[in-house]
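This report concerns only the one structure given below.
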Amino acid sequence: MTTPEITLATPANRDAVVGTLVAAFVKDPILRHLFPDDATYPRHAATFFGHLFDKRVHQSSIWTIGEGASVAVWEPPAAVHTPTDAGLAPDYPADVLARVRGYDEAVHAALPAYPFWYLGVLGTHPDSAGRGWGRAVMRAGLDRAAADGLPAILETSNPGNVELYRRAGWEEMGYLAEPVPTWVMQQPPR
C-alpha cells in the first residue's frame, strides 16, 4: 500500500481533521482531564480542536495525510511564547474553562524562551493507525523547523508516547507533574 500525499490543511479539511482528532484523543490523559465527562467529551473536544484548527489553518502549519486521517497541528515560532487560550470557547462551562486555562498556562510556563516550532497536536484516526502516517505528518513540520534552523518542541501526557517520540529523535527536556503528568520534549534543529 502506498502512502497518500502529505498536504497542508485548508478550511475545507476542518470537519475531517476535527473528527480525526476527537477520535484519536478519546483516551488521552490531557483531553480526558480537560473533558472528563463521556457525554460531553465529543462536543467539547470538537470545539477545542476546531478552535486550534481555525487559529492555525491560515498559517500553513497543519499537515494532513489520507484526507485528514492523520494530522499534525504545529504552531509557528511567533505564536508560542505566551498562553494563547488554546482551545477555549465561550460556551464551555466554568469548570472546563478553568481546566483548559490551567493546563495551557502550565505548559507555556515550561516552554523555553528561545524561538521554536511547537507540535501542539499529532493524531491519527484509529481506523488509520499503524500505517506510519503520524510520523510522516510530524516529519513535515520537523522539515519546516529545520528549514528555519529552529528546534521543535512538543508535550505529551501519554507515557507510551514518550518512547515513540524518543525513537523519532526527540529528547526529554522537562516534566510537569500537575495538572496532568506531562513530558516536554525537544528535537534540536537538523
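Pairs are defined by a Cβ separation below 6 Å, a sequence spacing of at least 6 or placement on different chains, a first member in the range 60-72 that is surrounded by fewer than 24 Cβ atoms within 10 Å (Cβ to Cβ), and a second member that is basic (Lys, Arg) and in a loop (DSSP other than H, G, I, E, B); no pair meets this definition. Considering only residues of the range 64-88 that are part of a loop (DSSP other than H, G, I, E, B), on the phi < 0 side of the Ramachandran plot and at pLDDT 60 or above, which is nearest to the chain's Cα centre (by Cα)? The qualifying residue nearest to the chain's Cα centre (by Cα) is PRO76.
The values are calculated or read from the model by the stated rules, or taken from the named source; none is laboratory data. If you're wondering where the values come from, they're calculated on a predicted model, not measured in any experiment. So basically every Cβ, Gly included, is an ideal-geometry build from the backbone, and we count neighbours across all protein chains shown.
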